[in-house]
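I have placed the structure first, in the form of structure tokens, so that the comments after it can refer back to it.
The values are calculated or read from the model by the stated rules, or taken from the named source; none is laboratory data. This one's a predicted model, so the numbers in the text were calculated from it and none came from an experiment. Glycine also receives a Cβ, built like all others from the backbone with ideal geometry; neighbour counts cover every protein chain displayed.
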Amino acid sequence: MDYSPGLAIATACFEISAAVWALRGPGERSIIRTTGAILLLLATYQIIEVSICSNVSAAGFLPQLAFIAVTWLPPLGLVLIARLYRPRSRMLYRNAYSMLAIALGIVMWIALDRGFVSVSVCTAVFARYTSAASRFMLYSGFYWLGLLGMILFSGYGVKTCGDCHRHRLLFQVFVGTLAFVVPSLLASYFAPPARGALPSVMCHFALLFAIFLTRLVYLERQPTEEEKTPVIVQTG
């Protein structure tokens, strides 16, 4: 079945629009900027995949660029969780910045190793990539550790965060992460067209994550209960 770019293009348009809407509006800047960066990276992957599958034989550096784009997603997800959690947690920040440092090393590795990844075939709405087993295991270990961290730490935040507003925001990250990770695993295992294309499958299902991130920005802009409570000034 020939590759159809429609889904990837529509997904990228939504993610770019959501990122622009987020970055141009109010809200705590550290939260808004991190969320906007995640949305733009998700859109970047979709655009790169369309470019790759338009001419697989001339893909060149694009498969590596696709992996570079998605490498930053779990670390930035952990950074977002750390910035949302209250009271501020040094443990969450240490984990997030450690993953960012590892991601930087992996990005340099991908950029310098011309044989890191290549595209084997594009079918339907998925791109299949090939890589040496050792490279794939190392990269997968990093990536799944990051995603597991996002699920565990956002879930921990939902359970323990003492700020009601931040609790709602962390819940969006927790449910949004599960909403794209679990269907991706199920689809790659049970749906024949998706087998062997997990990176592409995950980035398509990440549209669900983008929707929850968009709701996170919306909730961040809503007044908290303290802001809604009128201040009564006594005179005389």
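Applying the selection to the stretch 139-180, what residues are under 30 Å from Met108 (Cβ atoms) and in contact with a Phe, Trp or Tyr (Cβ under 9 Å, 6 or more places away or on another chain)?
Scanning the stretch 139-180 gives Tyr139, Met150, Ile151, Phe153, Ser154, Val173, Gly176, Thr177, Phe180.
Restricting the search to the stretch 45-66, which residues are closer than 18 Å to Thr11 by Cα and over 11 Å from the mean Cα position of the chain (by Cα)?
Gln46, Ile47, Ile48, Glu49, Val50, Ser51, Ile52, Cys53, Ser54, Ala66
I want to confirm something. Restricting to the stretch 185-236 and keeping residues that are at pLDDT 75 or above and β-branched (Val, Ile, Thr), which single residue is nearest to Phe67 (Cα to Cα)?
Here the answer is Val201.
May I ask you to list the residues in the stretch 123-136 that are surrounded by 14 or more Cβ atoms within 10 Å (Cβ to Cβ) and within 19 Å of Ile68 (Cβ to Cβ)?
Ala127, Arg128, Tyr129, Ser131, Arg135, Phe136 - these are the residues of the stretch 123-136 that are surrounded by 14 or more Cβ atoms within 10 Å (Cβ to Cβ) and within 19 Å of Ile68 (Cβ to Cβ).
Only one of these is in contact (Cβ under 8 Å) with a residue 12 or more places away in the chain, within 22 Å of Trp144 (Cβ to Cβ), part of a helix (DSSP H, G or I) and not hydroxyl-bearing (Ser, Thr, Tyr): Ile9, Ile68, Ile32, Ile47. Name it.
After applying the criteria, what remains is Ile68.
Give the residue, chosen from Ala22, Ala59, Ala43, Ala18, that is of a type in the set (Gly, Ala, Ser), surrounded by 20 or more Cβ atoms within 10 Å (Cβ to Cβ) and farther than 30 Å from His165 by Cα.
Sole residue among the options that is of a type in the set (Gly, Ala, Ser), surrounded by 20 or more Cβ atoms within 10 Å (Cβ to Cβ) and farther than 30 Å from His165 by Cα: Ala59.
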